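Before any comments, here is the structure.
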Amino acid sequence: MTTSTRSDHVTLDLALCARLLGVDPDEHPRLLLRAAREQGWSLPVTVLSLLARDGVALGSGSGDELRRARARKAEYAGTVDAMVTATGGRVVKGPSLAELYPDGVDRAVGDIDFIVPDEAALWRAAAVVLDRHPVETINLSLFGQPERGVLVVLEWQADDPVLDNDFKVEICTTPFAGDAAAVPVRSGLPADRRVADLLALGEERFQRPFSAKDLLDIAVVGGVERLAVDDLVDAARRLLLAPELVELFDRADEAGVLGALAPALPGLRSAAEDERTRRAAWEPPPAPAEVDRIGEALASGRVVGGLLLRRTAWRSRLPGVHVHRYAGGALLITPLGDFMAVDDPLVDEDDYHAALAELARFDAKGARP
């Protein structure tokens, strides 16, 4: 196995943040903070923690923002520990990467990405979150074919709901959902924690462009003493993520923060070329003749969401999602609630009431698993 030792150490400080954000480091800190806010909700916490570490006096507003972020991180940590105990699952990205940041420097943890070994474990993890927190919203998604991924998202209000994003825990049977086209659902989270984190960062590219926050993450991972370069390249090839990692690593290299990850680039470039060739040859399956949209979506592996109709008491006898079909739609019966299957954010009111009526018939027949 080829390992890489740290060659050019990157210091995570205000000067680095200013450089990545395109701000003059000699300008007033408020300009740096303003630029960080333009990148998203979480990066300002890192800037505030660096200011505090360097002895800059924070006022009541900025000081409380940092305090809330640290309290949020601690609250998430307890929840993750409880989910791990209940399921043997793993957390990727946010909290895992935050552990690499230097003492006194915070990486804001906006949400939790928790990966479970199977669907039964997913619902046990969701039950842990529901027991610990005042969850207000539960969202469900099914996706992928022939391997089906299941995602449950649980949200509740932040301490300061005007300034902070809601708490969010995403529990999924796979960290690799793909792009709903040439890149399918893939399983097999690498055992190496840092390799898994890097691949999860690469997977994010299917959802959004890379940002300065991602470059800071690369800087801290690239500063580890030893990294299994061969394992990273092999996993990127197997999990079809080499093009995304090359894009991210090239940006990090241009910014001078790639560090110990640099030796992986040649192998990743070769794997990326092969993967781009594979994607170019991919052809979408022919459109089905049937007009049953939900049935076609479930059969083809397109994303099917769940609109919560009601919560239920824990159903330990039900190991996962039971799909109940009816004319024109489907119910998704789960251990913690019942959902209407949807494939569009806008739900027709008549379809919604039809789903409620079908749920009542379902109960009356005693068909519940």
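The values are calculated or read from the model by the stated rules, or taken from the named source; none is laboratory data. Worth saying up front: this structure is predicted, and the values here are computed from it rather than measured. The accessibility values were calculated without ligands, DNA or RNA, using every heavy atom of the protein model including side chains. Shrake-Rupley method; radii C 1.70, N 1.55, O 1.52, S 1.80 Å.
Counting protein heavy atoms only, the chain has 51 percent of its accessible area on carbon and sulfur, 1.4 angstrom probe. The lysines within cross-link reach of residue 93, meaning a Cα-to-Cα straight distance under 16 Å and a gap of 8 or more places when in the same chain, are 73, 168, 213.
Sort 170, 275 by accessible area with a 1.4 Å probe, largest first.
Details: 170 45, 275 10 Å².
Listed by decreasing accessible area, they come as 170, 275.
Note on the chain: helix-only mean residue ellipticity at 222 nm, from DSSP H runs of 4+ residues weighted -39500 (n - 2.57) and normalised by residue number, equals -14000 deg cm²/dmol.
Take 352, 76, 326 and sort them by solvent-accessible surface of the protein heavy atoms, 1.4 Å probe, largest at the top.
On the way: 352 75, 76 5, 326 35 Å².
Largest to smallest exposure gives the sequence 352, 326, 76.
With the Cα gyration tensor of the range 1-95 giving a ≥ b ≥ c as the square roots of its eigenvalues, does the rule (a/c under 1.5 for rounded; else a/b larger than b/c for prolate; else oblate) give rounded, prolate or oblate? Oblate shape, in that a/c is at least 1.5 and b/c is the bigger or equal ratio. Of the listed values (1) 74; (2) 60; (3) 53, grab the one calculated as percent of Cα pairs over 25 Å apart from the structure here. The listed entry that was calculated here is (2). Summed over the residues of the range 14-272 and divided among them, the accessible surface reaches 40 Å² per residue at a probe radius of 1.4 Å.
A probe of 1.4 angstrom, applied to the heavy atoms of all protein chains, finds residue 274 with accessible area near 80 square angstrom.
Note on the range 11-33 and the range 141-217: Cα centroid distance 29 Å, given to the nearest whole angstrom.
When only alpha carbons are used to place a centre, the range 71-133 and the range 290-369 end up 28 Å from one another.
Relative to the longest principal axis of the chain, what angle (0 to 90°, nearest 10) does the C-alpha long axis of helix 119-132 take? On a 0 to 90 degree scale, this one is about 70.
For the range 193-203, 3J(HN,Hα) computed residue by residue from phi via the Karplus equation (6.51, -1.76, 1.60; θ = phi - 60°) reads 4, 6, 4, 4, 4, 5, 5, 5, 4, x, 4 Hz, glycine and proline entered as x.
Residue order by solvent-accessible surface for 353, 322 is 353, 322, largest first, with ligands and nucleic acids left out and a 1.4 Å probe.
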